[in-house]
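The values are calculated or read from the model by the stated rules, or taken from the named source; none is laboratory data. Since the structure is predicted, the reported quantities are computational estimates derived from the model, not experimental observations. Note that we place each Cβ from the backbone using ideal geometry, even for glycine, and neighbour counts take in every protein chain shown.
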There are 4 protein chains.
Amino acid sequence: MIINNHPIKVYYRDIDQMGIVYYSRYLEYFEEGRTELLNQIGLDVLSIEKNGILLPVTTSHCDYKVGLKLEQEIIIESSIKKYPKATLHIDYKVLNSTNKEIMAVGYTNHAFLNNLGNPMRVPKFILNALKINGLL
Amino acid sequence: MIINNHPIKVYYRDIDQMGIVYYSRYLEYFEEGRTELLNQIGLDVLSIEKNGILLPVTTSHCDYKVGLKLEQEIIIESSIKKYPKATLHIDYKVLNSTNKEIMAVGYTNHAFLNNLGNPMRVPKFILNALKINGLL
Amino acid sequence: MIINNHPIKVYYRDIDQMGIVYYSRYLEYFEEGRTELLNQIGLDVLSIEKNGILLPVTTSHCDYKVGLKLEQEIIIESSIKKYPKATLHIDYKVLNSTNKEIMAVGYTNHAFLNNLGNPMRVPKFILNALKINGLL
Amino acid sequence: MIINNHPIKVYYRDIDQMGIVYYSRYLEYFEEGRTELLNQIGLDVLSIEKNGILLPVTTSHCDYKVGLKLEQEIIIESSIKKYPKATLHIDYKVLNSTNKEIMAVGYTNHAFLNNLGNPMRVPKFILNALKINGLL
């Protein structure tokens, strides 16, 4: 398993009338975590796109457990647990920074598209990056 | 089944570097559709909250099929297919307004909380609203 | 003066903990109004960009008068009052749909950039569109 | 002058079709900077609101100089230069973290409202916080 922990702080812009983070913002948090996870293994978005490859999201899923409050500090734990076949699967946990309580969990799936927008096999350099970083 | 069709137009603010709608924006579109669906059966958010009831999202899910482009006109088809037990389940289709192609599908689940933030039985007035509007 | 009135409804996603629309959302509303204003005179974003021209915002300004509430219906009144020199100036009023009360006012300025990203003279087809549509 | 420097990284969610940060996102960045500035002098939003005081934005202004790109690291320099009279004025600079180039500048004004939503004199504890922190 390849894993990244990324800290985020909740600001006013994220909070809704119920006093908790609005539900679509979690997908933005997931994107932050995912970006840092991929950067950690040398797969930053810029260099992926420079290779003519796009990784559009095909599925997003989030289970909301405990509402996030203003100025709360959280950790986005992003992880890759298995080699991609047709799609890359990334898991997320939203943790309370202080006590590590699980506030939400979710996942995203990503397709591999070439620069014509057509589905392609998983690029070698992505498989390599996963292997080098210890994915079994 | 109770169903609502809500038109939305894609603006620049929604579009990302790939030239398609950013993935979290779909959850905002779902919320628009859901609000109009609930309004249609007399369950507007304001009157639900006036009854001391909150309907926080417990799960969101979206499968992205075809990217939405700038100034594209879409329809959010929101529907309730069964009576809520612990949670209310709402389904969504994102349709191309012109040819009714399915661009994305998804769903949200919602808990019923009283004004202390505790789970509660499904309120009678909500069951009634669903019944009056023909849910089998 | 060229003017456009564009209706918008406030949804939950726009509302903050104070129960009013979060301040950055007004700039998204302005963009909706601006897009419709430009479309009305044949200057849709897609055809402007097809001409190799970008209109990036150089200044945004908003004076907030009365907070916008959930499910409130508003009108964005966008207007062009004078021919652009270095920049195009667009004014906005946010009006209560019901009683036409002014809820906010603002403006944006836009530069003209060619496809190399360099400043350019105001394109003829834009001046023409403004003239045909009665700008004095 | 009271000043705070707050680092931010640009993520995909902030980027528009032109490949630069969408213009309303700057107001979210300003809010992050402002929150950290006020926290630094003991005026966190939560404790201000616990005092029954709201600080709604009455004006926002931003001059955009150089577009912000994906994964760019920036600093939001927020500052208070003078004691508030009717409103609190906060200035912002968006700086390139690497070379300190100014990418954008702006300001916000904030009213002081009591818990009935009426304008009030500047609260003593806010004036004190500014004084203690060296504002001339």
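Among all positions in the stretch D:89-97, there is no residue which is in a loop (DSSP other than H, G, I, E, B) and modelled with pLDDT under 95.
When A:Val66 is tested against (1) away from every other protein chain (no Cβ under 11 Å); (2) among the hydrophobic types (A, V, I, L, M, F, W, C); (3) surrounded by fewer than 19 Cβ atoms within 10 Å (Cβ to Cβ), only condition (1) is not met. For beta carbons closer than 6 Å, sequence separation of 6+ or different chains, a first residue in the stretch B:28-50 that is under 17 Å from B:Pro123 (Cβ atoms) and a second that is assigned to a loop (DSSP other than H, G, I, E, B), the qualifying pairs are B:Ile41/B:Asn133. Among residues of the stretch B:64-76 that are over 17 Å from C:Lys50 (Cα atoms), none has a beta-carbon under 7 Å from a residue that is of a type in the set (Lys, Arg) and at pLDDT below 95 at least six positions away or on a different chain.
Entry remark, the stretch C:104-118: residues being within 11 Å of chain D (Cβ to nearest Cβ) and touching a residue at least 60 places away in the same chain (Cβ under 8 Å) number 5 in total. Note on the stretch C:4-53: residues that are farther than 13 Å from C:Ala129 by Cβ, within 14 Å of chain D (Cβ to nearest Cβ) and buried (at least 17 other Cβ atoms within 10 Å of the Cβ) total 23.
Within the stretch A:54-91, being of a type in the set (A, V, I, L, M) and either under 13 Å from the mean Cα position of the chain (by Cα) or under 26 Å from B:Pro56 (Cβ atoms) (or both) holds for A:Leu55, A:Val57, A:Val66, A:Leu68, A:Leu70, A:Ile74, A:Ile75, A:Ile76, A:Ile80, A:Leu88, A:Ile90. Against the list (1) within 14 Å of chain D (Cβ to nearest Cβ); (2) farther than 21 Å from C:Tyr11 by Cβ; (3) touching a residue at least 12 places away in the same chain (Cβ under 8 Å), the condition C:Phe125 fails is (1). For D:Met1, the conditions (1) within 11 Å of chain C (Cβ to nearest Cβ); (2) under 15 Å from the mean Cα position of the chain (by Cα) all hold with the exception of (1).
Looking across the stretch B:23-74, the residues that are over 24 Å from C:Glu73 (Cβ atoms) and of a type in the set (Ser, Thr, Tyr) come down to B:Tyr23, B:Ser24, B:Thr58, B:Thr59, B:Ser60, B:Tyr64. Only one of the numbered conditions (1) surrounded by fewer than 20 Cβ atoms within 10 Å (Cβ to Cβ); (2) within 14 Å of chain A (Cβ to nearest Cβ) is violated by B:Tyr83, and that is (2). Exactly one residue out of A:Glu77, A:Glu101 is buried (at least 17 other Cβ atoms within 10 Å of the Cβ) and either farther than 27 Å from A:Gly117 by Cα or more than 10 Å from chain B (Cβ to nearest Cβ) (or both), and it is A:Glu77. Within the stretch B:94-116, one or more residues are of a type in the set (Asp, Glu) and more than 17 Å from the chain's Cα centre (by Cα).
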